[in-house]
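First comes the structure, then the notes that go with it.
Coordinate-derived values only; no laboratory data. Quick caveat, the model's predicted, so the values are computed rather than measured. Because the Cβ atoms are built from the backbone with ideal geometry, glycine has one as well, and the counts that use them run over all protein chains shown.
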Amino acid sequence: MTEQVPKFYKNPSIAAVLSFLCTGLGQIYNGEIGKGIVFIVLYFISWGLMFVLIGFLTTPLLWIWGMIDAYKSAERINQALARS
């Protein structure tokens with residue numbers, strides 16, 4: 001007899017909202033801990049770059065990229081779970 005491992009699907013909307021609140025949280029919710037930490041560190045670095053003005057460009061771009069990535073990663077994870 002083989003045991004079925006439960007499949008934990010990720011909600012892409014929740015992942016995106018978490019990344020809206022704090023860049024990287026959506027990735028952590030998706031189980032991509034390292035990727036989430038990288039997003040958080042980059043976000044704080046980007047905030048620091050506000051003092052040299054480039055941060056005004058990099059911060060919103062990183063924030064939007066984090067939300068899109070979290071959403072698409074959740075969809076990709078769900079597709080992989082559905083195939084297995």
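Observations
- In terms of surrounding Cβ atoms within a 10 Å radius of their Cβ, LYS35, LYS7, LYS72 rank from fewest to most as LYS7, LYS72, LYS35.
- Near LYS72, once Lys and Arg are set to +1 and Asp and Glu to -1 for all other residues with Cβ below 14 Å from its Cβ, the sum equals 0.
- Selection from ASN11, PRO60, ILE37 lying farthest towards where the dipole of the chain points positive, charges on Cβ: ASN11
- Going by neighbour counts of Cβ atoms within 10 Å, the residues SER19, SER46 line up, fewest first, as SER46, SER19.
- Relative contact order of the range 13-83, pairs being alpha-carbon contacts under 8 Å that are 6 or more residues apart, as %: 38 percent
- When you filter the GluC sites (Glu not before Pro) in the chain for DSSP loop state and at most 10 other Cβ atoms inside 10 Å of their Cβ, you are left with GLU3.
- What the Cα atoms of the chain give is an Rg and a Dmax of 15.4, 63 Å.
- Net charge dipole size for the chain [Lys, Arg +1 and Asp, Glu -1 on Cβ; Debye, nearest 20]: 140 debye
- C-alpha long axis of helix 33-48 to longest principal axis of the chain, angle in °: 10 degrees
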